[in-house]
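The values are calculated or read from the model by the stated rules, or taken from the named source; none is laboratory data. The model shown is predicted, which means the values in this text are computed figures rather than measured ones. Ideal geometry is used to build each Cβ from the backbone, glycine not excepted, and the neighbour counts take in all protein chains shown.
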Amino acid sequence: MAFKDRIGALPTDGTGPLYLRFTSLLRDAIARGALADQEALPSERELCADYGISRITVRRAIAMLTAEGLLVPRRGAGTFVARLADPVAAPARVEKSFSGLSSFTQDMLARGSRPSSRWLSRSQGQVTPEEALSLALSPGTPVYRFHRLRLADERPLAVEYSTVPAYCLPSLEAVEDSLYVALDAAGARPARALQRLRAAPFAEDQAALLEVPPGHAGLLIERRSFLADGRAAELTLSYYRGDAYDFVAELVEV
């Protein structure tokens, strides 16, 4: 069977840079076993002809997958799928766009994965000084706190700590699998958000939940969301597995 028939065509309705879409196509093929360990990729020229893309696009995709340890270039022989000692150690990578306001559940469903949550704790109380500063809330404001492990197809991908002002939800039990579904049902879906992304090694308890070694490289996203009237709706700290997520932002000239 021809390479493109096994791997699939490049989606025509995808968003983001072409090289990232081609990278995802190859990465997913490796993850699902369509490309076997130590299998040779076609030449750059063949890939360009098959997919109608440039050599720069092919080379950037190969460079990214080589950096991830999924491909191995061999001088004079070509590029090969790496021998994976534990092919299920890391979930297939997911591209997360920074250009839209979406929840973990929405992101996973859009990619054909089955999202779920494992509750670690939920509680109610008064806003802490740190939360009050982040969300511009008055001291003593009642809040709900949700601590969850987020999974896709039963694989752990992120640990989330969310604080929501009590005026956004009818009760602590209103949140089931998706916080944003609960906020939407309560008429308090965020209209805008500010996000900050930085690298963060996992603490021992986080690493155990995410099935990685302590100190493993992770990505921390701090999100502050707001209602249409400007009031705070959410403060969420999400610790994502660094080997499972690519964060993509589309830039336009201003």
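Here are some notes:
- Residue match in segment 184-195 (condition: in the same structural domain as residue 106 (by TED's automatic domain parsing), within 30 Å of residue 65 (Cβ to Cβ) and not basic (Lys, Arg)): yes
- Residue within segment 166-173 that is touching a residue at least 24 places away in the same chain (Cβ under 8 Å) and of a type in the set (S, T, N, Q) present: no
- Tally of residues being touching a Phe, Trp or Tyr at 6+ places or on another chain (Cβ under 8 Å), of a type in the set (A, V, I, L, M, F, W, C) and in a helix (DSSP H, G or I) across segment 187-224: 1
- Members of segment 196-212 found to be of a type outside the set (A, V, I, L, M) and either loosely packed, with under 12 Cβ neighbours inside 10 Å or not assigned by TED's automatic domain parsing to the domain that holds residue 106 (or both), listed by number: 196, 198, 204, 205
- From the options 231, 241, 192, 155, residue that is charged (D, E, K, R), in contact (Cβ under 8 Å) with a residue 60 or more places away in the chain and touching a helix residue (DSSP H, G or I) at 6+ places or on another chain (Cβ under 7 Å): 241
- Qualifying residue in segment 241-249 (condition: within 25 Å of residue 128 (Cα to Cα), out of contact with any Pro (no Cβ under 7 Å at 6 or more places or on another chain) and of a type in the set (Phe, Trp, Tyr)): no
- Some residue of segment 156-170 being closer than 25 Å to residue 27 by Cα and not in a strand (DSSP E or B): no
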